[in-house]
Structures are given as C-alpha cells and as structure tokens.
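**Student:** Dumping the structure here so I can ask a few things about it.
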Amino acid sequence: MVELIVTILLVVVVLFLAAGVFFMLAGAIGLLRLPDFYTRLHATGKCDTLGEVLIIFGLLLYHIYYYSPGAELSVQLVPVKLLFLICFIFFANPTATHAIMKAAYNTGVKPWKKGDRRM
Amino acid sequence: MIEPDMLTIFLATALLIVVTIILALYRATIGPEVYNRVAAVNVIGTKTIVLLVIIGYIFERPLFFDISLLYALLNFIGTLAFAKYLERGEVWSS
C-alpha cells in the first residue's frame, strides 16, 4: 500500500516536471519565432511563469516524499520557502514583463501589422 | 542516496531547461532592438531560478534553493531598473 502511494507520488512529480518543461519549451519557441517584440513577450511572459511554477511544485512534492521524516528543521522547512518562491514568481514575472512592455510602448516601438517585414 | 530513475529524470529536465536557455540566448544575441535583448535576458534569469532548484535536488543539497531565491530577487529588481532606465533615460526620477 505504501509502495503504491510512493509510486503514484513519483508519477505525479514526473508529470509536473514534464508539463513544466513543455510550457518552457513552448515559450522559448515563441520567443524565437514570433514576428515582433510585443508578441514575443506575450509568449514568454505567460508560458515561462506557468512552466516554472509547475516545475517548482513538482520538486516540492518530491521534497515532501524524500526528506519527510528525520531531517533537520532547516531542511524540513524548505517546502514552505518553495511556496514563497512560487508566490514571488507569480507576482514578479508578469510585473517585469509589463514594465519592459510599457517602457517599449512609451518610447515608441511600433507593433507589427500583417504584411510588415518580420523584425 | 537518490534513486537512479529520479536522477535521470532530474538530469533530463535540467538539460531541457539548458536547451531553452540556449534558444533565449540566441534571441538575446541577434536582437534586433535593445528591448528584445532585455526581455531575453529576463527570460534567461527566470529559467536559471528553476535550474538552481533542480541542481540542489540532483546533488542532494536542497538548501541550494536559497541561492535561487536571492537570484529571483536580483533578477526582478534588475529588470525593473533596466526598464525604467530605458523609458526615462535615468534610473531615479529627480
């Protein structure tokens, strides 16, 4: 019974890691392929945030399984700090994206229209 | 000891993150304007956070995670300062 629970937990961890890597790869391909600055940030700002949060959550589950009994208190408190890191990424990453995009808009970077040359 | 299966999975995840960092580095190199470069550098920084956490679990030192927390703060502040500098021409508004 315990082995079954451990196996299910590890499978869930692997699924979280795979989903996170998928989103990060999609964001990177969007950063390469899309035609102008605003669309590139549109791709990376959301995909990267979700991918990183998924990967860190998977590692948090793995930490709870692997270090749960008999570790020091500083090691046992790592999942709480990982939750803080997840909250921080959820706030900070879209804020940074918004700041760069607003700076570009205020200094006159033109959005791409259909038929323009790809920048 | 860490199980070999989970070690393989963590190594594969870290390798794929490095691949995405290389793709973003290509965008930071070719450009074409300064804003694309800043955005690509910001993306590289946020990917490095996850890479540091995974490295901590590969080497079985989960307290490596503190370095990634510090790196997240530095990356965020640096990106905000760069955006303000590009927008106004100065970091502090007088």
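Read-outs: derived from the displayed coordinates by stated rules, not from any lab. The structure presented is a predicted model; accordingly, all values stated were derived computationally and were not measured. Quick reminder, even Gly has a Cβ in these numbers, built from the backbone with ideal geometry, and neighbours come from all protein chains shown.
**Student:** As a test of the definition: which semi-axes, in Å, follow for segment A:2-106 when you take the square root of five times each eigenvalue of its alpha carbon gyration tensor? Largest first, please.
**Tutor:** 34, 17, 6
**Student:** Using only atoms on other chains, find how many Cβ atoms lie within 10 Å of each Cβ of peptide A:7-17 and report the average.
**Tutor:** Averaged over the peptide's residues, the number is 2.
**Student:** Another question about this same structure. Relative to the longest principal axis of chain B, what angle (0 to 90°, nearest 10) does the C-alpha long axis of helix B:65-88 take?
**Tutor:** 20 degrees
**Student:** Continuing with the same structure: What average number of partner chain Cβ atoms lie no more than 10 Å from the Cβ of the residues making up A:88-99?
**Tutor:** Details: counts 5, 5, 0, 1, 8, 9, 0, 3, 14, 6, 1, 11.
Neighbouring Cβ atoms belonging to other protein chains average 5 per residue here.
**Student:** Other chains near B:46-56: what is the mean number of their Cβ atoms within 10 Å of each residue's Cβ?
**Tutor:** For peptide B:46-56, the averaged partner shielding equals 5.
**Student:** Hey, what do the phi angles of segment B:35-40 turn into as Karplus ³J(HN,Hα) couplings, whole Hz, using 6.51/-1.76/1.60 and θ = phi - 60°, x for Gly and Pro?
**Tutor:** Calculated HN-Hα couplings, in order: 5, 4, 5, 4, 5, 5 Hz.
**Student:** When the dipole is taken about the Cα centre of chain B, and only Lys, Arg (+1) and Asp, Glu (-1) are charged at their Cβ, what size is it in debye, to the nearest 20?
**Tutor:** Using only the charged Cβ atoms, the result is roughly 300 debye.
**Student:** Ok, one more. Rg and Dmax of chain B, Cα atoms, in Å?
**Tutor:** Gyration radius and largest Cα-Cα distance of chain B: 16.5, 57 Å.
**Student:** If each residue's Cβ is checked for other Cβ atoms within 10 Å, how do A:TYR66, B:TYR35 rank with the fewest at the top?
**Tutor:** A:TYR66, B:TYR35
**Student:** Of B:GLY45, B:TYR71, B:TYR35, which is farthest along the charge dipole of segment B:4-83 in the positive direction, counting Lys and Arg as +1 and Asp and Glu as -1 at C-beta?
**Tutor:** B:TYR35
**Student:** Among A:ILE29, A:VAL80, A:LEU54, whose Cα projects farthest towards the positive end of the dipole of chain A, with charges put on the beta-carbon of Lys, Arg (+1) and Asp, Glu (-1)?
**Tutor:** Value computed over the given set: A:ILE29.
**Student:** Among the listed pairs A:LYS113/B:LYS47; A:LYS46/A:LYS114; A:LYS46/B:LYS84, give every one whose C-alpha distance is greater than 26 Å. Provide the component values of the computation, followed by the final result.
**Tutor:** Numbers: A:LYS113/B:LYS47 30 Å; A:LYS46/A:LYS114 23 Å; A:LYS46/B:LYS84 22 Å.
Checking Cα-Cα distances, A:LYS113/B:LYS47 exceed 26 Å.
**Student:** Let me ask something additional. Mind sorting A:ASP48, B:ASP5 by how few other Cβ atoms lie within 10 Å of their own Cβ, fewest first?
**Tutor:** Details: A:ASP48 29, B:ASP5 10.
Taking fewest neighbouring Cβ atoms as first place, the list is B:ASP5, A:ASP48.
**Student:** Can you sort A:GLU72, B:GLU33 by how many other beta carbons sit within 10 Å, fewest first?
**Tutor:** Fewest to most other Cβ atoms nearby, the residues stand as A:GLU72, B:GLU33.
**Student:** Now a separate question. For the protein assembly as shown, what is the charge dipole size about the Cα centre, in debye to the nearest 20, if Lys and Arg each add +1 at the Cβ and Asp and Glu each add -1 at the Cβ?
**Tutor:** 1160 debye
**Student:** Say a site is exposed when it is one of the trypsin sites (Lys or Arg not before Pro), sits in a DSSP loop, and has at most 11 other Cβ atoms within 10 Å; what is then the longest site-free stretch of chain A?
**Tutor:** In short, A:1-112.
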